[in-house]
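Trainee: Attaching a single structure in structure tokens format; questions to follow.
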Amino acid sequence: MASSSVAVGTFELRDMDDVLQWGHSVVRIGSSLRPFKPKFMCYSPKKVSARTAHLRTLAMQSSFRCQAATLEGGLRTVHQNRTSEERVYEVVLKQAALMAQRVAQGSTSTPFLVQDAENLDGVLPVDLSISFSPQLLKEAYARCGEVCAEYAKTFYLGTKLMTPERQQAIWAIYVWCRRTDELVDGPNASHITPAALDRWEQRLEDIYDGRPYDMLDAALADTVRKFPIDIQPFRDMIEGMRMDLFKSRYETFDELYLYCYYVAGTVGLMSVPVMGIAPDSKATTESIYNAALALGIANQLTNILRDVGEDARRGRIYLPRDELAQFGLCEDDIFAGAVTEKWRAFMKDQITRARMFFDEAEKGVVDLDKDSRWPVWASLILYRQILDSIEENDYDNFTKRAYVGKWKKFLSLPAAYGRALLHPSWTPILAGKGFS
Ligand SMILES: CC(C)=CCC/C(C)=C/CC/C(C)=C/CC/C(C)=C/COP(=O)(O)OP(=O)(O)O
């Protein structure tokens, strides 16, 4: 290799133009790895130029010879390290494969046990040795419903539109997620250690092995026997809690994306097998899972944008540091809490990205089973409106909490209902007429 060039894979980078071109091709290769169009911000033109700018800065910082060595290491790392989006997408594919297998078996209601998603051959029929008394399960589900009604009223009302089996399953999942979240966000949060999370994970394994620890766990154990819900999203949610224990700053959107997947995208993946796919849907299973993941990410990003002030008061900043810097902002600006022009410009950008994830999610709702569409539309429309409310507050998310008023909430329900009536087979027709 010539002293002023860097060989990366089959590329030889001789000068800055080569480096820039290579930067672009990595982004393109990253995008084309997926079987259907990924349009997330990581690969937006702005990000591409940010990457390019980063490479350019690297090049300028030192003499070219010395920079060649730095680049070689750095670029190799980029080459080897997949982005969070790519890693998460593997989970999506795995979940979709499980679901597709279930559909191929032609049974959407026969209980079956998912034991090991690493190996699809490990998907076994229900283990009859595991059985719970029907009375205990009835009480367990009723308790889950009460918790859901108490903590998430609107969501609970939405679940009432589903079939009894589905609503119970959603309540059981909700309760497990809520309890997991409470470990790091609840009253005992200060006593939670990584070891406690390890024990919680062991308890999760026990649920999947049919050995629930308490009634609420029994409801989930029953749910995961009935529906093809893989354990991975549950494990990943616990991983998100581990992250929350030790991490209070995010350098890049890639880091934040992973966090959002862990704590919210996982909920989307857990929900699809329960909500069901419309029998006449023509969409691929992975595109539906991808939409569900996007809804979780969109909700979490919205949460983060709404709670900037509140989080800062707890010493937490979820906003990517490099993106703040692009707008001339740093963490002191967050703690100062001044709504400046720089802040408004930054927030506009963040809101645009959150809306992109909502758009991505919308594409999949129509393919859900018809009973599940209304609640999902309702929650999507309501949560999306929080972004409008941040704008209405003139981007003051330091001292004002963006919320959706009762009337707006009320009016969203018929709008959601109207959308829920859309049939999967109508969407291509409506899309052609500008309805999509
Ligand atoms: C779109 C398709 C195909 C399926 C839908 C799949 C679903 C249900 C996705 C939704 C995932 C979800 C509800 C994620 C949770 C995200 C989140 C940030 C919840 C906020 O919880 P709280 O912290 O209690 O919120 P509030 O503070 O607003 O009460």
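Trainee: Need the full-extension length gain, D394 to D185, defined as separation in residues times 0.36 nm minus the C-alpha distance. One decimal, nm.
Mentor: 72.4 nm
Trainee: Taking amide H positions as placed 1.01 Å from N in the peptide plane, with prolines and chain starts having none, which residues 5 or more places from I277, or on another chain, fall under 5 Å of its amide H?
Mentor: D369
Trainee: A further question on this structure: Which aspartates and glutamates have a Cα lying under 18 Å from the Cα of K400, excluding residues fewer than 8 positions away in the same chain?
Mentor: D307, E310, D311, D333, E341, D388, E391, E392
Trainee: What is the fewest-to-most order of F132, F346 by other Cβ atoms lying within 10 Å of their Cβ?
Mentor: Ascending number of Cβ neighbours within 10 Å: F132, F346.
Trainee: While we're on this one: In which sequence would V224, V365 go, from the one with the fewest C-beta neighbours within 10 Å to the one with the most?
Mentor: V365, V224
Trainee: Tell me, in nm to one decimal, what length is gained between W200 and A104 on full extension, where the rule is 0.36 nm per residue of separation less the Cα-Cα distance?
Mentor: Contour length minus the Cα-Cα distance gives 31.2 nm.
Trainee: Sticking with this one: Which trypsin sites (Lys or Arg not before Pro) from segment 200-300 combine a DSSP loop assignment with at most 16 other Cβ atoms within 10 Å?
Mentor: K247, R249, K282
Trainee: Residue by residue, what Karplus-based ³J(HN,Hα) values in Hz, rounded to whole numbers, does segment 258-271 have, using 6.51, -1.76 and 1.60 with θ = phi - 60° and x for Gly and Pro?
Mentor: For segment 258-271, the Karplus curve yields 4, 4, 4, 4, 4, 8, 9, x, 4, 5, x, 5, 5, 7 Hz.
Trainee: Based only on other Cβ atoms within 10 Å, what is the fewest-to-most ordering of Y262, Y417?
Mentor: Arranged by neighbour count, lowest to highest, Y262, Y417 become Y417, Y262.
Trainee: For the modelled label position 7 Å from the Cα of V339 along Cα-to-Cβ, which residues of segment 284-315 have backbone nitrogen atoms closer than 14 Å?
Mentor: 306-309
Readers should treat all values here as calculations from the given coordinates under stated rules, not as data from a laboratory. Predicted model only: the values in this text are computed from it and were never measured. Using ideal geometry, Cβ is built from the backbone for each residue, glycine included, and neighbour counts are taken over all protein chains shown.
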